[in-house]
Each structure stands twice: as C-alpha cells, then as structure tokens.
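For reference, the structure is listed below as structure tokens.
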Amino acid sequence: MTRCILAKEKDPLGTMLNDFCGGDAAAFLNVWSSTLEMSTMQGATMLRGFEEMNNIEKCALAACRGRILDVGAGAGCHSLVLQSKGLDVDAIDISPGCVEVMRRRGIEKSYHCNILDVRNSRYDTVLMLMNGIGISGSLDGLNLYIQQLDTILAPGGQLLVDSTDLTGKFLEQGEALYDEEGRYCGETDFVMIYKGLRSDPFSWLYVDFELLRTICSFHGYRCDKLIETGEKQFLAKIYPCIVGQ
Ligand code: SAH
C-alpha cells in the first residue's frame, strides 16, 4: 500500500496547487468518481481564506485547542489560520506538491507524512476537514482510524472531522444503502486528473452521523455533532468516553 505519493507524475493535486501559486489563477483539476458525479477542484478553493470558509470550517477552527495536527492539510488553509492565531500546528499531507505549497505559504511545520505513520506524537486536537473522514477510505478503514486515535490523542484530546450524509440521496433514488457485495453507499473510488497527470485510484468515504457514532462507541469513543448544514454536511467531535460516565 502506498503510504505517501513519491512521484510528481502521480501528484496532480500538488502540481495544480503549485501552478496556482505560480500565477495560474484558473488552475483546477478533474475528479472522477466510481459512484458520484464527476467534479472539479479549483486552486482558488483550495487556497481559500478564512472569510471564504463555510460555517463547518469556522466552527472547527474555533474549537481547536492545544497542540494541533491538521491531517490532509492540502494547501494548508486551516493551518495558516491557526498558525496566525499563534496556535501550535503540525500540518501533514501525503502529496509532496501540497507540502511544497504549504512551505511556500509560510506554514512552519508542514510534513510529507501519512496519518497512518504518525507515531510518538500526541495531539490535543486532530483536525480533518473538507469531508475529512474520507481519508479513511471505507468503513473498515474508519474502524482502523478510530482505533489509531488511542495513540495520537493526548489525554483529553479530540478529533474534529466533517463528512456528508449521502444516505438520503441514495434512498430517494430507490437505491440500497449497501450493495450486493455489502459495500456502503458512502464508499467511492476517486481518480484526480490534471494536465495529463493521473493519480492512482484511491478510496474515499462519506459517512452518515449515526453510523459514525455507532462505530465510535464500539471503540470507546463519544461522537457529538457540533453543527450541520442544509447540504447534509456535518462536523463531529470525537473523544474518548470516560470510564464510569
Ligand atoms: N484539508 C484540506 C485539503 C482537503 S483534500 C482542505 O480542507 O482544504 C484532502 C487532502 O488529504 C489531500 O491534500 C490529500 O493529499 C490528503 N491525504 C489523503 N490521504 C491522506 C493520508 N492518509 N494522510 C495524510 N494526508 C492525506
């Protein structure tokens, strides 16, 4: 399994973001999905400032405290806001181009690292934004991620993560929430394409809040919904259950 992207040819996102930073204001890439409609990712969106962020992001940033890990930081828009507030933030991404962009933008602690390889460091807040739970890839992956919190959260620590509930959309279309092979409707495969560069296919997960909460409680974690939008996107705070509560 690829833990980090190593070759520039496999890094359309990082390449597009560097082109954007280099002056190509219209830079964007195409995202192909196995189950959802094709979409695009704009450079300008990835480098959004605080004023352009939605309420989920603003709420998450306000809830950040202590030592922070920004997972899948991309162009570092959240890390930049936190750093400018004087907070202690480590930003990690598997894309070398994203890390280069973060360094160009002055993010002091940005690292080329997969969340699965974070060891020997503990954080008061782990932040995963822009449908951040997606990084876990699947329900199996989500179980692993929640278990990994045992080793990356400091005592009293929290994971702040957002996702989108696609279940209503599937039910409306008369489709089952699990297909014949038992694959949950929020599991999809993506390929990113930019100017002839293609990423390897990667799995992404959209999860509904109740299922997320059930999986968390199975591993001894509480899961609170902090805010949701009309587009079925929500922000969750996940933290260890205290024995006896
Ligand atoms: N959080 C950013 C970027 C979201 S895009 C924002 O809100 O703008 C998701 C990012 O996660 C991409 O930059 C991708 O390279 C990174 N990523 C995907 N899997 C990862 C993993 N396992 N560990 C760390 N970063 C990962």
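The values are calculated or read from the model by the stated rules, or taken from the named source; none is laboratory data. Just so it is clear, the model here is predicted, and its values are computed rather than measured. FYI the Cβ positions are ideal-geometry reconstructions off the backbone, even for glycines, and counts take in every protein chain you see. Areas reflect the complete protein model, heavy atoms only, side chains present, ligands, DNA and RNA absent. Shrake-Rupley method; radii C 1.70, N 1.55, O 1.52, S 1.80 Å.
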Legend entry - the range 37-84: number of residues that are more than 14 Å from the chain's Cα centre (by Cα) and of a type in the set (Asp, Glu): 3
Inset, instruction - Could you list all residues from the range 1-18 that are part of a helix (DSSP H, G or I) and open to solvent by less than 50 Å² (accessible area, probe 1.4 Å)? - result: Pro12, Leu13, Gly14, Thr15, Met16, Leu17, Asn18
Inset, instruction - Find the residue count for the range 56-75, including only residues that are open to solvent by 50 Å² or more (accessible area, probe 1.4 Å) and within 14 Å of the ligand (Cβ to nearest atom). - result: 1
Legend entry - Test result for Leu235, of a type outside the set (S, T, N, Q), crowded, with 19+ Cβ neighbours inside 10 Å, part of a strand (DSSP E or B) and in contact (Cβ under 8 Å) with a residue 60 or more places away in the chain: yes
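Quick one: which of Ser39, Ser34 is touching a Ser or Thr at 6+ places or on another chain (Cβ under 7 Å), open to solvent by less than 60 Å² (accessible area, probe 1.4 Å) and either among the aliphatic types (A, V, I, L, M) or over 26 Å from Leu153 (Cα atoms) (or both)?
Working: Ser39 fails: touching a Ser or Thr at 6+ places or on another chain (Cβ under 7 Å).
Going through Ser39, Ser34 in turn, just one is touching a Ser or Thr at 6+ places or on another chain (Cβ under 7 Å), open to solvent by less than 60 Å² (accessible area, probe 1.4 Å) and either among the aliphatic types (A, V, I, L, M) or over 26 Å from Leu153 (Cα atoms) (or both): Ser34.
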Inset, instruction - Determine whether the range 160-168 contains at least one residue that is modelled with pLDDT of 95 or more, at negative phi, out of contact with any Leu (no Cβ under 9 Å at 6 or more places or on another chain) and not acidic (Asp, Glu). - result: yes
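In the list Leu87, Leu116, Leu82, Leu129, which residue meets the criterion of being near the ligand (Cβ under 10 Å from one of its atoms) and in contact with a strand residue (DSSP E or B) (Cβ under 7 Å, 6 or more places away or on another chain)?
Numbers: Leu87 fails: near the ligand (Cβ under 10 Å from one of its atoms); Leu116 fails: in contact with a strand residue (DSSP E or B) (Cβ under 7 Å, 6 or more places away or on another chain); Leu82 fails: near the ligand (Cβ under 10 Å from one of its atoms).
Going through Leu87, Leu116, Leu82, Leu129 in turn, just one is near the ligand (Cβ under 10 Å from one of its atoms) and in contact with a strand residue (DSSP E or B) (Cβ under 7 Å, 6 or more places away or on another chain): Leu129.
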Legend entry - When residues of the range 191-214 are limited to those that are open to solvent by less than 20 Å² (accessible area, probe 1.4 Å) and closer than 30 Å to Lys8 by Cβ, the one farthest from the chain's Cα centre (by Cα): Tyr194
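Mind checking which residues of the range 58-77 are in a helix (DSSP H, G or I) and either within 20 Å of Met16 (Cα to Cα) or in contact with a strand residue (DSSP E or B) (Cβ under 8 Å, 6 or more places away or on another chain) (or both)? Before you say what the answer is, go through the steps one by one.
Of the range 58-77, the ones in a helix (DSSP H, G or I) are 58-63, 77.
The answer is Cys59, Ala60, Ala63, Cys77.
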